[in-house]
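The values are calculated or read from the model by the stated rules, or taken from the named source; none is laboratory data. Only a predicted model underlies this, so the values are computations on that prediction, with no experimental measurement involved. Cβ placement follows ideal geometry from the backbone for every residue including glycine, while neighbour counts extend to all protein chains displayed. Side chains are part of the model used for accessible areas, which takes the heavy atoms of the whole protein and leaves out ligands, DNA and RNA. Shrake-Rupley method; radii C 1.70, N 1.55, O 1.52, S 1.80 Å.
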Amino acid sequence: MTALMLAVFTVSVGFGVVLPLLPDMIERLLGGGAGAAQVSRHTGLLTAVYTLSLFLFAPMWGRLSDRRGPRGVLLVGLLGFGVTMLVFSFVDSLVAVYAERFLSGMFAAAVTPVAAAVIGKFTTTEQGRARRLAFVSMAGIAGFLLGPMLGVFITGIAAHFFTVTMPAGSVAIPLAATALLAFLVASAVAFAVPSGEVHDRSQKTTGASGDKTGWLVPKLLILTFIVSAGIGVFEVGLALRGKQELGLTPYQIALMFTECSLVMFVIQAIVFSPWFKPDTTRWLIAPSLAVLAAGLSLVPRASDFTLMLVVIGAVAASAGILSPILTYWISANAGSAQGWQLGKQTAAASLGVTLGSATGGVLFNVAALPGASFMLTAGFVALGFLLSLGLPHLLVLPSSRTRSLSA
């Protein structure tokens, strides 16, 4: 578990350290003549390229993990991710940044879904599955939580000494540190994670799932896509609105991302604590989607830093509940194909973030449609709410289905 959590933490740090600094990086690479619309467009597209790569490669890595074992896949992902982070420390053109983001996403896609699949295969109880999946999710949030602050504070100091030798300037030091962390965690994975197949409790439930699993999992994947699209619009819009409309400093922007991650971390720790049974989490899906839709619609109406913090809390709490709940129920219905199904979930989430990030960047500066990206996404999430209304009555743990069929 320690090795898996560190692996997910590492790729999350690598993503989180870059996101709040992207607007300033793009301005520097484009030169002094870059306009606000151009900066926002590239901010959204660069984020979308990373998540598009996750979408393309996560199912492949998951299927490979099912067939060949998880250790080799995790090692390739971590070592490749470390190399791309190290290369990113020295890039000095926008084209190179796009290439690096794609390759970085490709290797990151081998980490998060495979780590979750290991838990789905090797955990013997539903309570253990739910809590361990939440631990991995919280490790990812912790990485994203520390990443922005790391990028703001450490690079601010390092830029005084390394701007001449390192063209990427303000992000060179944390990216190099993230690469080193990835190499160290890879050694822990090589020692701790099984290399091949062991006893898989989920194989017992594959037949019991019956035809319901065939359409329940796709429905959960659709909800994953919807939630992730909302998160993609929210993340890009947060950075752009903070810089271009509210005039916030990089420190304040990083603080907003930190609050977002901290709220997600705390809410997951509560929902997946021993106080709650995993089976009851299905009743939280529809209410959380309603809160997420309302929060997204309020983002463009938050006129100052304090109001933004309030809205961020609502969005983060709802998204923080939904992501691990959907992961848990997909894993519970995946049978022996944990890597394949969780890889598809990562792909669905990545496609949602890709489209959301691109939409958030492209529509942000459309004067005729103020707040268009947030309002359109809020409506999209509202459709997800309608789709989820009957879901609690249909989501049943495979063990419960087995007892029902036996009766």
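The table below gives the values:
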quantity: Chain lengthening between residue 68 and residue 222 when straightened (0.36 nm per residue, less Cα-Cα); calculated: 52.6 nm
quantity: Rounded if a/c under 1.5, otherwise prolate or oblate - the stretch 16-85, Cα gyration tensor axes; calculated: prolate
quantity: Burial ranking of peptide ranges 222-232, 373-383, 271-281 (average Cβ count within 10 Å, highest at the top); calculated: 222-232, 373-383, 271-281
quantity: 1.4 Å probe accessible area per residue over the stretch 264-330, in Å²; calculated: 38 Å²
quantity: Karplus (6.51, -1.76, 1.60) ³J(HN,Hα), θ = phi - 60°, over the stretch 309-321, in Hz, Gly and Pro reported as x; calculated: 5, 5, 5, 4, x, 5, 5, 5, 5, 5, 5, x, 6
quantity: Where a label projected 7 Å from the Cα of residue 301 along Cα→Cβ would reach, residues of the stretch 265-291 with amide N under 17 Å; calculated: 290-291
quantity: Charge dipole magnitude, Cβ of K and R +1, D and E -1 - the stretch 1-122, Cα centre, debye nearest 20; calculated: 500 debye
quantity: Centroid-to-centroid separation of the stretch 74-148 and the stretch 318-397 [C-alpha atoms, Å]; calculated: 19 Å
